[in-house]
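A.B. asks: This structure is in structure tokens; I'll ask about it shortly.
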């Protein structure tokens with residue numbers, strides 16, 4: 001029997017990015033740049049209908065609200081995006097253990113997703 005292993009911060013971030021990335025792709029966004037490193041922003045630079053979009057993705061730990069974001073960081077991103085005539089979005093993805101939300105998310109075990117879409121800044 002394999003030992004249970006909690007996902008690392010980077011793995012949780014990558015999982016959140018995959019969830020957001022699939023939605024962006026389904027919504028017709030064209031990926032210009034993708035950055036999956038923690039604390040490197042934005043995670044996605046996309047083009048849709050000839051408009052540039054900067055998207056910051058964050059894994060939000062239970063019990064925090066996936067719709068709340070760091071206002072200072074997002075204002076910096078928006079100021080940066082304005083230089084490129086780009087729109088800025090926050091994508092918070094709440095990930096938690098499916099059997100007990102107080103436990104970490106474990107590798108190869110079920111988890112819950114709280115993702116309610118992009119928030120325009």
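A.B. asks: How many of the residues making up segment 75-113 are assigned to a helix (DSSP H, G or I) and either surrounded by fewer than 13 Cβ atoms within 10 Å (Cβ to Cβ) or within 16 Å of the chain's Cα centre (by Cα) (or both)? Spell out how you get there, then give the answer.
C.D. replies: Residues of segment 75-113 that are assigned to a helix (DSSP H, G or I), as a first pass: 75-83.
Filter again for either surrounded by fewer than 13 Cβ atoms within 10 Å (Cβ to Cβ) or within 16 Å of the chain's Cα centre (by Cα) (or both), leaving 75, 77, 79, 82-83.
The number of residues fulfilling the criteria is 5.
A.B. asks: Can you tell me which condition residue 47 does not meet? The list is (1) in contact with a strand residue (DSSP E or B) (Cβ under 6 Å, 6 or more places away or on another chain); (2) at pLDDT 95 or above; (3) farther than 15 Å from residue 116 by Cα; (4) outside any strand (DSSP E or B), and all the others hold.
C.D. replies: (4) is the only condition that residue 47 fails.
A.B. asks: On the basis of being assigned to a helix (DSSP H, G or I), out of contact with any helix residue (DSSP H, G or I) (no Cβ under 7 Å at 6 or more places or on another chain) and loosely packed, with under 14 Cβ neighbours inside 10 Å, does residue 72 make the cut? I'd like the intermediate steps shown before the answer.
C.D. replies: Details: assigned to a helix (DSSP H, G or I): yes; out of contact with any helix residue (DSSP H, G or I) (no Cβ under 7 Å at 6 or more places or on another chain): yes; loosely packed, with under 14 Cβ neighbours inside 10 Å: yes.
Yes, satisfied.
A.B. asks: Return the residues of segment 20-53 that are within 21 Å of residue 10 (Cβ to Cβ) and touching a helix residue (DSSP H, G or I) at 6+ places or on another chain (Cβ under 7 Å); say none if nothing qualifies.
C.D. replies: 36, 38, 41, 42, 43, 44
A.B. asks: Among the residues in segment 14-34, are any surrounded by 12 or more Cβ atoms within 10 Å (Cβ to Cβ), modelled with pLDDT under 95 and part of a loop (DSSP other than H, G, I, E, B)?
C.D. replies: no
The values are calculated or read from the model by the stated rules, or taken from the named source; none is laboratory data. On a predicted model such as this, the values are computed, not experimentally measured, just so you know. Heads up, the Cβs are rebuilt from the backbone with ideal geometry, glycines too, and the neighbour counts pull from every protein chain shown.
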